[in-house]
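The values are calculated or read from the model by the stated rules, or taken from the named source; none is laboratory data. In this text the structure is predicted, and so the values were computed from the model without any measurement. Don't worry about glycine lacking a Cβ; one is built from the backbone with ideal geometry, like all the others, and counts go over all protein chains shown.
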Amino acid sequence: MMVISDLITDLNKSCSVFFTESDFRFHHKSAFTIVSTGNLSSEAYNWRKGVHNSVNAIRWFDDFWVYSEGNINGSSIQLSLSIFQGQANDIKKSQLIRAEWDEYPENNGPHPQPHWHVVSNVAIENTFEKFAETFEEDDFLSTLNSEKDKVIDIGKFHFSMCANWLHSNYDLNEIDHSKIVNWYCGLFSEIRTQLEFCKK
């Protein structure tokens, strides 16, 4: 069985090197829940499971912010890491992506584990909807909704992160203590590299 306090210690030790502008760390939120915290935090809205929740995102670098949480209850594990973009005083930071890794003893469902969610489209849609409401542009809002209905909500799509397809295996990866630490370190390293590339 995983010892949450040991996991928090190892995550904090391993992940701190990726944060030079703030003091990123995990702490217990409740008996089975860990969340990220830090000295430079700002409110953001985390879109997860169809709901926007207010969270304290931690300053990462440039105008990028991070929020992470995990629920570890015996053999049921849910990990989530969200990346936002925006200024410190911007409550509506744009959520760009979310990485998740879930493991349930009874059924993991049809989703690859771990996986990505691309959710940046939500920020753009919200901007257009606010514009239409502000200027009472019912025709524009109707057109926007009509266009949205023509494509699927890609935010629900689970993009496989560590698939074993090359080995003809299904794309579920079991979770353990060391894999969680390696996963977070890999996420911070790769995501930063890709964000810096995208900003060029």
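Do we find that Val66 is among the aliphatic types (A, V, I, L, M), under 21 Å from Met161 (Cβ atoms) and in contact with a strand residue (DSSP E or B) (Cβ under 6 Å, 6 or more places away or on another chain) in this structure?
So Val66 passes the test.
Consider Gln113 against the criteria (1) under 27 Å from Thr20 (Cβ atoms); (2) buried (at least 22 other Cβ atoms within 10 Å of the Cβ); (3) of a type outside the set (Gly, Ala, Ser): it satisfies all of them except one. Which criterion is unmet?
Single failed check for Gln113: (1).
How many of the residues making up the stretch 15-45 are under 17 Å from Asp63 (Cβ atoms) and assigned to a strand (DSSP E or B)?
Residues in the stretch 15-45 being under 17 Å from Asp63 (Cβ atoms) and assigned to a strand (DSSP E or B): 5 in total.
So in the stretch 14-30, with the set limited to residues that are within 20 Å of Trp101 (Cβ to Cβ) and without any contact (Cβ under 8 Å) to a residue 24 or more places away in the chain, which one is surrounded by the most Cβ atoms within 10 Å (Cβ to Cβ)?
Of all residues in the stretch 14-30, those within 20 Å of Trp101 (Cβ to Cβ) come to 14-15, 18, 24-30.
Subsequent filtering for residues that are without any contact (Cβ under 8 Å) to a residue 24 or more places away in the chain retains 25, 27, 30.
Values: Arg25: 18, His27: 11, Ser30: 8.
Selected residue: Arg25.
State all residues of the stretch 44-69 that are over 11 Å from the mean Cα position of the chain (by Cα) and farther than 18 Å from Asn89 by Cβ; if no residue qualifies, say none.
Once the filter is applied, which keeps residues that are over 11 Å from the mean Cα position of the chain (by Cα) and farther than 18 Å from Asn89 by Cβ, the stretch 44-69 yields Lys49, Gly50, Val51, His52, Asn53.
Taking Asn12 as meeting all but one of (1) part of a strand (DSSP E or B); (2) at pLDDT 95 or above, write down the number of the exception.
Of (1) part of a strand (DSSP E or B); (2) at pLDDT 95 or above, only one is false for Asn12: (1).
For the stretch 72-102, how many residues meet the condition of being assigned to a loop (DSSP other than H, G, I, E, B) and surrounded by fewer than 21 Cβ atoms within 10 Å (Cβ to Cβ)?
9
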